Amino acid sequence: MQLAARQRFGRIGCKGLKGALLLFLGFSAQVLGAGLNSYVDLIARDSGTTPRYGVRVTYLGTNGYQFEFDGHALLVDPYFSRVDLLSIALGSRLQPDMPRVAEGMRHLAPKTEVILVTHGHFDHLLDVPTVMSRTHARLIASASAVDLAKRAGASSGDSVTAGDVRRIGPWKIRVLAATHDRLFGKVPFDKPETHAAGPPQRPADWMCGEPLAFLIEVGGQRIYIDSGGTPAQLPPREHVDLAILGMALPDSRVRLPGALEHLEPRYILPSHQDNFFRPLDAGFQFGPLTDFPRVRHDCEQANRGRLILLDYFRPWTLPKK
């Protein structure tokens, strides 16, 4: 077993090893986080009496979401495989966990038209080619993320940049600029694009690329979503009904007050907070580098919307005004 581990480290190479170890140390630095039981007052979910005339939001884990409206569905960053931390730290070969993907897809609507991807990291893009093949949904992502998806088996992809607009079914999708949080002062797996021809295999092959955010408009409601970011790039000044803001790492928490000031949301949903190295059936657990008490405090101080949390696969309908 030790020999196999040494051989794996050798294949990673010096640069990849450093990145993997930084990631490993970062996510191992604190004890495992708590679950949602301490925040039951914030958990939003539909009840038997919930009206169905708004956008229905289902949390898929990590930064994954399904939005449903009038029989149509849109996905953002669907990721069900939940690769374990040791595999990432060792730079092991990554492949979608087909049973986990199949189980996750049981919760998806029958008609998925489009998949939006915020950036190319494995916890956002690894499962997308498989989901595309089973739903025939259209992929919208940055050029580097589309390239990764195609090399991993996706049949097609729509490369977009900030400022682009796409209309698909009832969805109007505005593409916005974004940044990615830093871990130990550096964006994880942010190597330069290599124009490789083969499929991505190791965690570092799933490079960040150009991060994107999206403003989704449907049925008179507006939803902003990103996967995190730095104070150097705030969202545009837009009044939105729901702001889904990545909160995995400290950079995102620093920029939270500014993001809320710009977006003026009716509802605030902190995202990318769960421990995405645990399988979904193990239940929600906050990631070791998250700090939800601070997020809650800062949202209360900003007083710019109602803070909510969602549990895995428990839909909630965004109320209309």
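For this structure, a couple of remarks:
- Cut-off 10 Å between beta-carbons: net charge of the residues surrounding Arg166, Lys and Arg +1, Asp and Glu -1: +2
- The number of Lys pairs in the chain with C-alpha atoms less than 27 Å apart, excluding pairs fewer than 8 positions apart on the same chain, is 14.
- Residue-averaged [θ]222 nm for the chain, counting only DSSP H segments that reach four residues, each worth -39500 (n - 2.57): -7500 deg cm²/dmol
- Antiparallel beta bridges, as assigned by DSSP with both residues in the range 52-139, represent about 60 percent of the total such bridges.
- Residues of the range 246-289 with amide N under 17 Å of the 7 Å Cα→Cβ point at Leu86: 277-279
- Antiparallel bridge percentage (DSSP; both residues within the range 2-318; nearest 5): 60
- Loop-resident trypsin sites (Lys or Arg not before Pro) (DSSP state other than H, G, I, E or B) in the range 194-293 with no more than 11 further Cβ atoms inside 10 Å of their Cβ: Arg237.
- Net charge of Cβ neighbours under 14 Å - reference Gly258; Lys, Arg +1; Asp, Glu -1: -2
Where a number appears in this text, it was derived from the coordinates with a stated rule and is not lab data. Keep in mind that this is a model prediction, so the values were computed, not measured. Virtual Cβ from ideal backbone geometry, glycine too; neighbours counted across all protein chains shown.
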